[in-house]
Amino acid sequence: MNSAVTSEKVHGSLHSGVAEHHHDEEANSMFGFIVFLLSESVIFLSFFVGYIIYKTTMPDWLPPGISGLEVREPAINTVILVSSSFVIYFAEKALEKDNLTWFRIFLVATMAMGTYFVVGQGIEWSALEFGFTTGVFGGTFYLLTGFHGLHVITGILLQGIMLRRSFIPGNYDNSHFGINATSLFWHFVDVIWIILFILIYIWQ
């Protein structure tokens, strides 16, 4: 009797220790990912500062013949991209409830919205009357929007990986770090775009 109780206590203690170790590993991984996002923030911040300095000090900021940028289509793209942050949040919540069906639906919807944004940006680029080498404005415009677009594509690829992993039995039983990190990255991408949209399209 005592032997059985002791064995049960040992088993419970080992299980608790493994769970605690796993939790610590996830916490460390998330901390590392947050540090990565902070480093990305510094890069974007340097671009923002450079853009503001150039815009406020150069007398001929816009390319010749260009009075401003079209706002309507970029605004629609902005609404789509920002809304996708709520959709991927719903995907996280569905996974927490072990509802893989709705997790996949929300994740695919997020990927579709991100793809819509990237395609919309490509269409906008093709219609612009200036290029990357058209003055400082042209260079900074394509650098900022292109670098952000690369992050959007990266986010879509990460979501695709998370979607594929959802079809592996038991993959999300013990850890949701992958989707949590992917969701955090997506929110970061959305916040950066809001700042970009204000700087480039609203503050003309």
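The values are calculated or read from the model by the stated rules, or taken from the named source; none is laboratory data. Computed from a predicted structure; not experimentally measured. Every residue, glycine among them, receives a Cβ derived from its backbone with ideal geometry; neighbour counts consider all protein chains shown. With ligands, DNA and RNA removed, areas are computed over all heavy atoms of the protein, side chains included. Shrake-Rupley method; radii C 1.70, N 1.55, O 1.52, S 1.80 Å.
If you filter the stretch 69-104 down to residues that are acidic (Asp, Glu) and assigned to a helix (DSSP H, G or I), you find that the one that is least open to solvent (accessible area, probe 1.4 Å) is GLU92. When the stretch 51-68 is filtered for residues that are exposed (fewer than 12 other Cβ atoms within 10 Å of the Cβ) and of a type outside the set (Asp, Glu), the ones remaining, listed by number, are ILE53, THR56, THR57, PRO59, PRO64, GLY65, SER67, GLY68. Report yes if some residue within the stretch 71-81 is free of Cβ contacts under 8 Å to residues at least 40 places away in the same chain and either of a type in the set (Ser, Thr, Tyr) or at positive phi (or both); otherwise report no. Taking every residue of the stretch 71-81 in turn, none turns out to be free of Cβ contacts under 8 Å to residues at least 40 places away in the same chain and either of a type in the set (Ser, Thr, Tyr) or at positive phi (or both). For the structure I just gave you, tell me whether GLY131 is under 29 Å from PRO59 (Cβ atoms) and touching a Phe, Trp or Tyr at 6+ places or on another chain (Cβ under 6 Å). The answer is no for GLY131.
Listed by first and then second residue, the pairs linking a residue in the stretch 99-119 that is free of Cβ contacts under 8 Å to residues at least 60 places away in the same chain to a residue that is part of a helix (DSSP H, G or I) and open to solvent by 60 Å² or more (accessible area, probe 1.4 Å), with Cβ atoms under 7 Å apart and 6 or more places separating them unless they lie on different chains, are PHE106/PHE90; VAL118/ILE153.
Looking at the stretch 166-182, I want the residues that are among the small types (Gly, Ala, Ser) and have a partner that is modelled with pLDDT of 95 or more with Cβ atoms under 6 Å, at least 6 apart or on another chain. Which pairs are those? Within 6 Å, the pairs are SER166/LEU100; SER166/ARG104; GLY178/MET162. Residues that are assigned to a helix (DSSP H, G or I), of a type outside the set (A, V, I, L, M) and open to solvent by 20 Å² or more (accessible area, probe 1.4 Å) within the stretch 105-139 comprise PHE106, THR115, TYR116, GLY122, GLU124, TRP125, SER126, GLY135, listed in sequence order.
Would you call ASP190 of a type in the set (D, E, K, R) and part of a helix (DSSP H, G or I)? Spelling it out, ASP190 is indeed of a type in the set (D, E, K, R) and part of a helix (DSSP H, G or I). Residues that are of a type in the set (D, E, K, R) and part of a helix (DSSP H, G or I) within the stretch 50-68 comprise just one, LYS55. When we screen GLU26, GLU40 for residues that are surrounded by 14 or more Cβ atoms within 10 Å (Cβ to Cβ), closer than 30 Å to ILE105 by Cβ, at pLDDT 90 or above and of a type in the set (Asp, Glu), the only hit is GLU40.
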